[in-house]
Structure formats: structure tokens, C-alpha cells
Amino acid sequence: MSFVLAQAVYQRTFLSAVDIVVLGAICFLAGMISLDLGRALLSYLGAMSIALVLLFILAMLPFATGSYAPEASTVMFQLWLSIIFTSVFPFNFIMLLVVSVLGSGFGEKYL
Amino acid sequence: MSLDKRDLLTVMLVTIAVSSVVIGGASTANYFQFYSSLQQLQLNLVSLQWQTNGTAIDALANFTIVNPTGYVGLNLKLFQGIFDIRGINSNVSVPFGALPLAEAQGPLGPGFARIVKIPIDAGGRQGLQANELLQNGDQIEFVFSIDLVLSTFLDKASGVSAAYECTGTSGPGTCEQLSVAVLTSSEGGGGGGGV
């Protein structure tokens, strides 16, 4: 999930329809494999949290070298926080959560 | 049987995850070069030719913009600036205002040199002042303050521009990057940061 988000926000700062479909497929498959609603929900929340934290750390990594002005780091910190937040919350976050739940229901029924 | 289906789905998930890591990894590696590409973006004053008719100075300045890094995704949106003519001996500066807008939009790929030609017609009262410098035996140099407004992947969230100062007497000149600004805006106002 993190790298799907990475190729989206590091190239255009927002998720395209294709990105959302790929993320949806990952969530649906993961939900199906988990075979349990509670586990699917927890897995989704955990995976999404890790993905967003990793995405933010990678976005700020170039500024960790200290070769840029401190003001630049501050501005980019706020900018990336805003980019990552708006690209996922709230619509995509809720939609992918629902897809994970659907996946788990599908898995429980057919696997 | 259900275990087989689950294994198949796991293989599919792993395949998608690995593909995503490969594609996302390439984008991330490219992103890591973004800020250094802004810092290293070169504006060169390749040549400057000028002549005077006693009242006005006609000049042609040729610039190149080079992205020396491997970063893919920089585009030049606008080449804008102002220029002065300065007497080298007297240190008198004659401001001429905005440079003519140049047709310079386009991608700045790795290693690619975008050529920008700026024809300058330095006439009017300032033209007479600049000619006065020449008539007094002064040598003149052109001082260009140029902003390269860039289109990047951050366009949806912010604007990026790089400021340069170029000086030249005739022939090739020198350019120095003064700053790179990433401008953000919000409801409460605007903000910016130099990279």
C-alpha cells in the first residue's frame, strides 16, 4: 500500500483512479485472505497507518541530510502533511475500509 | 480446496505488492532527486550581443537552462525577469524593467539544455542614460534578475520558482542561483520556503 501511495503522491500529489483501483484490489484481497471481519479491520488500520507513516518519512528523508535551509524543512513538513492527509482522508480511507470489510465478508462466504 | 484458493489469493496479493514496490520504488528514487535538481538547476548566459545607435541599445541574450541531475519531471512554465544596465567604472545602474516574455515552456529532462533567446530593445529615457555612460567612456554590463517558474509534481499543492542573477558585458556571462522558493497557500494567507 505504501508504495502504491508513494508512486502516486511522489509523481502527482494525488491518487488517480488507477491508484485507487489497485489499492482497492489490495484491500479486497487482504480482506478475503484474513477470513475474519475483525482481523480484516485491524489489518487494514495497521497497514494504512504504517503506509502513511512510511510515506511521510520517505517524503521528508531528503531534508534529514541537513543540506537545506531549516525554513524549507518546516514548509515542506507542513506541505507533505497536507498532501498525504488530503490524498487519503476522508473519502479514500473510508472507501478502502469498506472494500476490506467486503473482502472479508466475501472470503468468509466463499473460501 | 479452500486452502488452495486462499494460497492463490495470497500469491496474487504478494505479486501485486512486489509490483507496487518496484514501481513505487522507482518513483521514490526519482523523488529523492527532486530537491537537488532544483538546487542544481543551471541557468547559463551563453552569449550576449549588443549594439547602440546612440539613443537606444539593441541586444540579444541567449540563455540555456540545464537540469544536470537525473530527475524526471521538471517543466519550465515561465521565464521572467528584469534587467539593468550598469556602468562598470561609475557603478551607475540604469533599470529597464521587465524582460520581454520568452516562448520557453517545456520539459527540462535530465541533461537537456533548453535554449531561451531574449531580444532586448533598451530605448527611451533609460536608453539615453545608458548611452550617456558609454559616451563618458564607461564600460557597461547587463544585469539580469531572472525567475524560472517551474511546473512540477507539486503543482496541485504549491508553486516552485528559482531566482538567478546573471551578468554579462558581451559574449558569455555568469549566472548565480540566488534562491529556490516553494510557495504554499492556504485560506489564511501564503507561505514560502527556500530550498
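The values are calculated or read from the model by the stated rules, or taken from the named source; none is laboratory data. Note that the structure is predicted; figures quoted are calculated from it, not measured. Using ideal geometry, Cβ is built from the backbone for each residue, glycine included, and neighbour counts are taken over all protein chains shown.
Can you report the number of residues in segment A:47-62 which are more than 30 Å from A:Leu102 (Cα to Cα) and either more than 8 Å from chain B (Cβ to nearest Cβ) or among the acidic types (Asp, Glu) (or both)?
Within segment A:47-62, the first condition is being more than 30 Å from A:Leu102 (Cα to Cα), and the residues that meet it are A:57-62.
Add one more test, that the residue is either more than 8 Å from chain B (Cβ to nearest Cβ) or among the acidic types (Asp, Glu) (or both), and what stays is A:57, A:60.
Number satisfying all stated conditions: 2.
Filter segment B:1-54 down to the residues that are buried (at least 18 other Cβ atoms within 10 Å of the Cβ) and assigned to a loop (DSSP other than H, G, I, E, B), then identify the one that is nearest to the other protein chains (Cβ to nearest Cβ).
B:Gln33
Do we find a residue being more than 23 Å from B:Ala181 (Cβ to Cβ) and facing chain B (nearest Cβ under 8 Å) anywhere in segment A:67-75? Outline the logic, then answer.
Here is the first cut: in segment A:67-75, the residues more than 23 Å from B:Ala181 (Cβ to Cβ) are none.
Taking every residue of segment A:67-75 in turn, none turns out to be more than 23 Å from B:Ala181 (Cβ to Cβ) and facing chain B (nearest Cβ under 8 Å).
Out of curiosity, is B:Ala122 farther than 15 Å from B:Gly168 by Cα, crowded, with 17+ Cβ neighbours inside 10 Å, at pLDDT below 95 and under 27 Å from the mean Cα position of the chain (by Cα)?
Numbers: farther than 15 Å from B:Gly168 by Cα: yes; crowded, with 17+ Cβ neighbours inside 10 Å: yes; at pLDDT below 95: yes; under 27 Å from the mean Cα position of the chain (by Cα): yes.
Considered against the rule, which asks whether it is farther than 15 Å from B:Gly168 by Cα, crowded, with 17+ Cβ neighbours inside 10 Å, at pLDDT below 95 and under 27 Å from the mean Cα position of the chain (by Cα), B:Ala122 comes out as yes.
What do you reckon, is A:Tyr44 within 10 Å of chain B (Cβ to nearest Cβ) and either in contact (Cβ under 8 Å) with a residue 12 or more places away in the chain or within 18 Å of B:Thr28 (Cα to Cα) (or both)? Steps first, please.
Values: within 10 Å of chain B (Cβ to nearest Cβ): no; either in contact (Cβ under 8 Å) with a residue 12 or more places away in the chain or within 18 Å of B:Thr28 (Cα to Cα) (or both): yes.
Taking the combined requirement at face value, the residue does not satisfy it.
In segment B:3-62, what residues are of a type in the set (Gly, Ala, Ser) and within 30 Å of B:Gln139 (Cα to Cα)?
Correct list: B:Ser47, B:Gly54, B:Ala56, B:Ala59, B:Ala61.
Which one is nearest to the other protein chains (Cβ to nearest Cβ) among residues in segment B:150-160 that are in a strand (DSSP E or B) and in contact with a Ser or Thr (Cβ under 9 Å, 6 or more places away or on another chain)?
Start the filter on segment B:150-160 by keeping residues that are in a strand (DSSP E or B), which leaves B:150-151, B:158-160.
Checking which are in contact with a Ser or Thr (Cβ under 9 Å, 6 or more places away or on another chain) leaves us with B:150, B:158-160.
Working: B:Leu150: 15, B:Ser158: 6, B:Gly159: 11, B:Val160: 11 Å.
It comes out as B:Ser158.
Looking at this structure, is A:Ser49 exposed (fewer than 14 other Cβ atoms within 10 Å of the Cβ) and either assigned to a helix (DSSP H, G or I) or more than 14 Å from the chain's Cα centre (by Cα) (or both)?
Judged against the criteria, A:Ser49 is a match.
Look through segment A:1-30, keep the residues that are more than 15 Å from B:Val21 (Cβ to Cβ) and among the hydroxyl-bearing types (Ser, Thr, Tyr), and return whichever of them is surrounded by the fewest Cβ atoms within 10 Å (Cβ to Cβ).
The qualifying residue surrounded by the fewest Cβ atoms within 10 Å (Cβ to Cβ) is A:Ser16.
Residue pairs, Cβ under 9 Å, 6 or more apart or interchain, first in segment A:60-71 and within 15 Å of B:Ser37 (Cβ to Cβ), second among the β-branched types (Val, Ile, Thr). List them.
Close Cβ pairs satisfying both conditions: A:Tyr68/B:Val195.
Are any of the residues in segment B:163-175 in contact with a Pro (Cβ under 9 Å, 6 or more places away or on another chain) and in a strand (DSSP E or B)?
Looking for residues that are in contact with a Pro (Cβ under 9 Å, 6 or more places away or on another chain) and in a strand (DSSP E or B), one finds none in segment B:163-175, hence no.
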